[in-house]
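Engineer: Handing you a structure now.
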């Protein structure tokens with residue numbers, strides 16, 4: 001059987017000290033979003049990178065034309081194993097390992113419809129456990145699927161969604177109110193009132209058969225839901241490990257606006273992207289980034305990679321490949337940081353594969369267009385510094401809920417406005433400015449205030 005990855009899915013990137021060799025493992029890894037190195041580009045040939053010979057019965061034309069489901073699963077699993085770096089190229093033992101009961105792990109990852117909306121991912125990423133508000137949230141989110149029905153027939157489904165949400169709100173309001181943090185209760189009650197009024201307004205939109213008015217009102221209601229859910233978080237829910245406690249930490253959420261000046265694009269001159277950073281699930285990574293934004297580190301920096309797979313920036317001018325803290329004159333690096341569903345504290349310094357957590361689901365997955373993560377050196381988990389990237393699209397090996405990037409890179413936020421325009425950015429486009437527009441009070445140990 002054969003395992004392969006074509007450059008259409010993993011385009012070339014700047015070469016690093018782990019340059020292309022005869023080792024097929026390196027060929028697979030070169031397309032992943034590692035550090036952008038200050039050296040020549042290495043481009044891949046326009047053909048599949050690696051293929052293991054597969055014995056096929058020449059008389060069985062059906063087998064020649066397609067894999068069986070089992071064969072496809074094993075092929076994908078082998079490819080994933082190659083991408084993450086197999087310790088040895090003993091193909092017989094590797095193939096046998098993938099045909100053992102570890103295969104259901106892959107099936108677990110790809111089961112169920114994935115959540116791709118960045119704001120929904122942020123809502124589900126909050127450290128709360130209030131079933132009543134989730135029962136309001138879910139049918140409001142389901143309106144998106146209802147609107148996929150053609151014409152005004154969609155409004156019948158929308159009405160059912162809305163009635164379910166309204167009923168859940170009425171039955172669960174006491175539980176929702178009791179879940180608000182005491183210090184945020186007044187603010188939360190304000191948004192609950194807006195949510196209740198807004199659902200009545202959406203009901204009127206449906207009764208007027210105004211299909212075009214549904215989506216905007218739905219998004220407004222879900223933002224009210226998100227605000228209520230954020231008001232349920234009482235302080236920061238855990239202690240960051242001692243070795244990272246002195247670093248800049250984002251203990252909560254923050255919003256950054258990034259203005260990009262676009263060159264050589266007749267359809268777009270500049271664009272303002274809204275980025276929500278999640279310090280609940282990645283306090284070290286998000287805190288490091290907010291600190292750099294406050295230093296104006298990214299202002300005037302160019303987009304340095306834009307290949308249809310990711311958009312990447314953050315490599316400063318000069319020999320350094322990350323941020324040099326002027327107060328210490330040393331590089332500042334941060335650990336790989338990954339929060340997993342069911343855990344109270346992120347894992348640090350190891351990929352989920354290295355931890356043996358093959359079934360684990362990350363709290364901040366690479367599901368959304370514009371997922372934001374920290375780049376790092378290929379074989380150094382704790383080498384993140386200032387280079388960041390945004391995932392642009394899915395491929396056969398990076399589908400939502402079955403993503404080879406999940407558990408390997410620190411996700412710390414999502415682009416929630418104008419994310420589609422990320423695909424229009426090109427190498428050389430300039431970040432005119434980045435600024436924190438809310439949540440800076442959640443940054444602790446801000447090093448930007450220290451004179452360097």
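Engineer: Can residue 280 be described as closer than 30 Å to residue 232 by Cβ, touching a residue at least 12 places away in the same chain (Cβ under 8 Å) and either surrounded by fewer than 19 Cβ atoms within 10 Å (Cβ to Cβ) or not assigned by TED's automatic domain parsing to the domain that holds residue 389 (or both)? Give the derivation first.
Structural biologist: Details: closer than 30 Å to residue 232 by Cβ: yes; touching a residue at least 12 places away in the same chain (Cβ under 8 Å): yes; either surrounded by fewer than 19 Cβ atoms within 10 Å (Cβ to Cβ) or not assigned by TED's automatic domain parsing to the domain that holds residue 389 (or both): no.
Judged against the criteria, residue 280 is not a match.
Engineer: Within the range 304-320, which residues are crowded, with 21+ Cβ neighbours inside 10 Å and part of a loop (DSSP other than H, G, I, E, B)?
Structural biologist: 309, 314, 315
Engineer: Okay, next question. Anything in the range 104-135 that is part of a helix (DSSP H, G or I) and either at pLDDT 85 or above or under 21 Å from residue 229 (Cβ atoms) (or both)? List them, or say none.
Structural biologist: Those that are part of a helix (DSSP H, G or I) and either at pLDDT 85 or above or under 21 Å from residue 229 (Cβ atoms) (or both): 118, 119, 120, 121, 122, 123, 124, 131, 132, 133, 134, 135.
For (1) modelled with pLDDT of 95 or more; (2) within 28 Å of the chain's Cα centre (by Cα); (3) more than 16 Å from residue 219 (Cα to Cα), each residue gets a yes or a no:
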residue: 152; (1), (2), (3): no, no, yes
residue: 157; (1), (2), (3): yes, no, yes
residue: 162; (1), (2), (3): yes, no, no
residue: 170; (1), (2), (3): yes, no, yes
residue: 173; (1), (2), (3): yes, no, yes
residue: 185; (1), (2), (3): yes, no, yes
residue: 188; (1), (2), (3): yes, yes, yes
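Engineer: Please verify whether the range 343-354 includes one or more residues that are modelled with pLDDT of 95 or more and under 13 Å from the mean Cα position of the chain (by Cα).
Structural biologist: no
Engineer: If I filter the range 343-362 for residues that are crowded, with 18+ Cβ neighbours inside 10 Å, over 30 Å from residue 246 (Cβ atoms) and in the same structural domain as residue 247 (by TED's automatic domain parsing), do I get at least one hit? If you could, list the steps in order and put the result at the bottom.
Structural biologist: Taking the range 343-362 first, the residues crowded, with 18+ Cβ neighbours inside 10 Å are 346-348, 352, 357, 360, 362.
Keeping just the survivors that are over 30 Å from residue 246 (Cβ atoms) gives none.
No, that holds for no residue.
Engineer: Assuming residue 266 fulfils every condition listed in (1) in contact (Cβ under 8 Å) with a residue 24 or more places away in the chain; (2) in a loop (DSSP other than H, G, I, E, B); (3) in the same structural domain as residue 338 (by TED's automatic domain parsing) apart from one, which condition is it?
Structural biologist: Result: residue 266 fails condition (1) only.
Engineer: State the number of residues belonging to the range 377-408 that are over 25 Å from residue 424 (Cα atoms), at pLDDT below 85 and crowded, with 19+ Cβ neighbours inside 10 Å.
Structural biologist: From the range 377-408, those over 25 Å from residue 424 (Cα atoms) are 377-385, 401-402, 407-408; that's our starting set.
Of the ones still in play, those that are also at pLDDT below 85 are 401-402.
Applying the additional criterion that residues be crowded, with 19+ Cβ neighbours inside 10 Å yields 402.
Qualifying residue count for the region: 1.
Engineer: Please pick out the residue among 253, 211 that is under 19 Å from residue 344 (Cα atoms) and at pLDDT 95 or above. Give the steps one after another, and end with the answer.
Structural biologist: On the way: 211 fails: under 19 Å from residue 344 (Cα atoms).
After ruling out the rest, the residue left standing is 253.
Engineer: Answer yes if at least one residue in the range 308-315 is under 30 Å from residue 233 (Cα atoms) and either at pLDDT below 95 or touching a helix residue (DSSP H, G or I) at 6+ places or on another chain (Cβ under 7 Å) (or both), and no otherwise. First the steps, then the outcome.
Structural biologist: Pass one, the range 308-315, residues under 30 Å from residue 233 (Cα atoms): none.
Scanning the range 308-315 turns up no residue that is under 30 Å from residue 233 (Cα atoms) and either at pLDDT below 95 or touching a helix residue (DSSP H, G or I) at 6+ places or on another chain (Cβ under 7 Å) (or both).
The values are calculated or read from the model by the stated rules, or taken from the named source; none is laboratory data. These figures come from a predicted structure and were not determined experimentally. Glycine also receives a Cβ, built like all others from the backbone with ideal geometry; neighbour counts cover every protein chain displayed.
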